[in-house]
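Here's the structure we're looking at; comments come further down.
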Amino acid sequence: GLEQRGFQVTRLNTYTTQPLLRPTPEALALMEETSIATFGSPSAVRAWSKVTPHRPLCACIGGTSQAAAEAEGFTHIFAPERPGISGWAEVTVTAVKSLGGERV
């Protein structure tokens, strides 16, 4: 749409909703040792849940990701009242501090 209106556009694919179907043993070990997971979408929550039963604290970008985390059995969930990057960053800091990480 932007190109059609005269803008020069450079597309950078920095995000995908493709789940990690078969993590390496190293990746799985990291996931299972993780204290805090952050989720930017419900699909990210579901992808995590399909790979490991580990349910660390999680920081979600908003309410839909929070609802997905609840449905997948996460019990310690941090989410901002309004979805967005800044709120997501704030709840991530709150999650870290809840584990005793005062210097963030």
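Name the residues in the range 46-70 that are within 19 Å of GLU90 (Cα to Cα), in contact with a helix residue (DSSP H, G or I) (Cβ under 8 Å, 6 or more places away or on another chain) and not in a loop (DSSP other than H, G, I, E, B), would you? Write out each step before concluding.
Within the range 46-70, the first condition is being within 19 Å of GLU90 (Cα to Cα), and the residues that meet it are 56-67, 69.
Still in the running and in contact with a helix residue (DSSP H, G or I) (Cβ under 8 Å, 6 or more places away or on another chain): 57-62, 64-65, 67, 69.
Answer for the range 46-70, where residues must be within 19 Å of GLU90 (Cα to Cα), in contact with a helix residue (DSSP H, G or I) (Cβ under 8 Å, 6 or more places away or on another chain) and not in a loop (DSSP other than H, G, I, E, B): LEU57, CYS58, ALA59, CYS60, THR64, SER65, ALA67, ALA69.
Just to verify a result, which residue in the range 15-74, among those that are β-branched (Val, Ile, Thr) and open to solvent by less than 80 Å² (accessible area, probe 1.4 Å), is modelled with the lowest pLDDT? Walk me through it before giving the result.
If we filter the range 15-74 for residues that are β-branched (Val, Ile, Thr), which is where we start, we get 16-17, 24, 34, 36, 38, 45, 51-52, 61, 64.
Applying the additional criterion that residues be open to solvent by less than 80 Å² (accessible area, probe 1.4 Å) yields 24, 34, 36, 38, 45, 51-52, 61.
On the way: THR24: 88, THR34: 93, ILE36: 95, THR38: 95, VAL45: 95, VAL51: 91, THR52: 94, ILE61: 97.
So the residue we want is THR24.
The values are calculated or read from the model by the stated rules, or taken from the named source; none is laboratory data. The structure displayed is predicted, hence computed values, not measured ones. In this analysis, Cβ positions are derived from the backbone assuming ideal geometry, glycine residues included, and neighbour counts consider all displayed protein chains. To get the accessible areas, we keep the full protein, side chains included, count just its heavy atoms, and leave off ligands, DNA and RNA. Shrake-Rupley method; radii C 1.70, N 1.55, O 1.52, S 1.80 Å.
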